[in-house]
Amino acid sequence: QVQLVESGGGLVQAGGSLRLSCAASGLTFSTYAMGWFRQAPGKEREFVAAISYSSGTIDYADSVKGRFTISRDNAKNTVYLQMNNLKPEDTAVYCCAARRTGWASRRFREYDYWGQGTQVTVSS
């Protein structure tokens, strides 16, 4: 069965960095677009970043542009989110998602599989 497992979350001070990983199994990873979304308590799910199946298209939310970097290693069936200069407002549960069509999207409804999420907490 398809599984997406996030790791790398934790507690970090403002200005610090974290790298999230999402390991995929049960799918042909190299044909799927991958995305990162986050949700903080009391807030709606928010798009963070997405990458197409071949890394030809990369998209970021304005709130993270210049600070976060999404990348993928198709040989390892893994997508990463490097988060630098973290801010308290980045605190959320971060989930990775996989999209069959292979094209990057900001819409969570267009993704087919989801991980369970990993908590990122940024203290001020």
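Within the range 89-124, report the trypsin sites (Lys or Arg not before Pro) that DSSP leaves as loop and that have at most 15 other Cβ atoms within 10 Å.
Those that pass, being in a loop and sparsely packed, are Arg100, Arg106, Arg107.
With label points built 7 Å along Cα→Cβ from the Cα atoms of Asp112 and Thr57, find their separation and express it in nm.
With each label point 7 Å from Cα toward Cβ, the separation is 1.6 nm.
Where a ≥ b ≥ c are the square roots of the eigenvalues of the C-alpha gyration tensor, would you call the range 1-69 rounded, which needs a/c under 1.5, or, failing that, prolate if a/b is larger than b/c, or oblate?
Here the range 1-69 falls in the prolate category.
Per residue, how many Å² of accessible area does the chain show with a 1.4 Å probe?
I get 51 Å² per residue for the chain.
Provide the FRET efficiency to the nearest 0.05 for the Thr101-Asp73 pair, computing r from the beta carbons and using R0 = 25 Å.
For Thr101 and Asp73, the calculated efficiency is 0.75.
Under the rule that a partner needs its Cβ under 4.7 Å from the first Cβ, which Cys of the chain have none?
So, Cys95.
Along the range 15-30, what does the Karplus equation 6.51 cos²θ - 1.76 cosθ + 1.60 (θ = phi - 60°) give for ³J(HN,Hα), rounded to whole Hz, x for Gly and Pro?
After applying 6.51 cos²θ - 1.76 cosθ + 1.60, I find x, x, 10, 9, 10, 8, 10, 9, 9, 10, 8, x, 9, 7, 3, 5 Hz.
May I ask for the distance between the Cα centers of the range 47-88 and the range 1-45, given as a whole number of Å?
That distance is 10 Å.
Evaluate the charge dipole of the chain about its Cα centre and quote only its size in Debye, nearest 20, assuming +1 on the Cβ of each Lys and Arg and -1 on the Cβ of each Asp and Glu.
Magnitude of the dipole: close to 100 debye.
How far is it, in nm, from the label point at Gln3 to the one at Lys87 when both lie 7 Å from their Cα along the line to the Cβ?
3.6 nm
Rg and Dmax of the chain over Cα atoms: what are they, in angstrom?
Every Cα atom of the chain included, Rg and Dmax give 13.3, 40 Å.
Quote the accessible area belonging to Lys76 in square angstrom, nearest 10, computed with a 1.4 Å probe and with ligands, DNA and RNA left uncounted.
The accessible area of Lys76 comes to roughly 130 Å².
Loop-only GluC sites (Glu not before Pro) in the range 15-89, please: DSSP not H, G, I, E or B, and at most 10 other Cβ atoms within 10 Å.
Glu44
If you roll a 1.4 Å probe over the range 18-124 with all protein chains in place, what percent of the accessible area is carbon or sulfur?
It is 45 percent, rounded to a whole number.
Among DSSP bridges having both ends in the chain, what percentage is antiparallel? Round to the nearest 5.
Counting DSSP beta bridges with both partners in the chain, the antiparallel share is about 90 percent.
The values are calculated or read from the model by the stated rules, or taken from the named source; none is laboratory data. Everything quoted here is computed from the prediction, not taken from an experiment. Glycine also receives a Cβ, built like all others from the backbone with ideal geometry; neighbour counts cover every protein chain displayed. Ligands, DNA and RNA are excluded from the accessible area calculation, which covers all protein heavy atoms including side chains. Shrake-Rupley method; radii C 1.70, N 1.55, O 1.52, S 1.80 Å.
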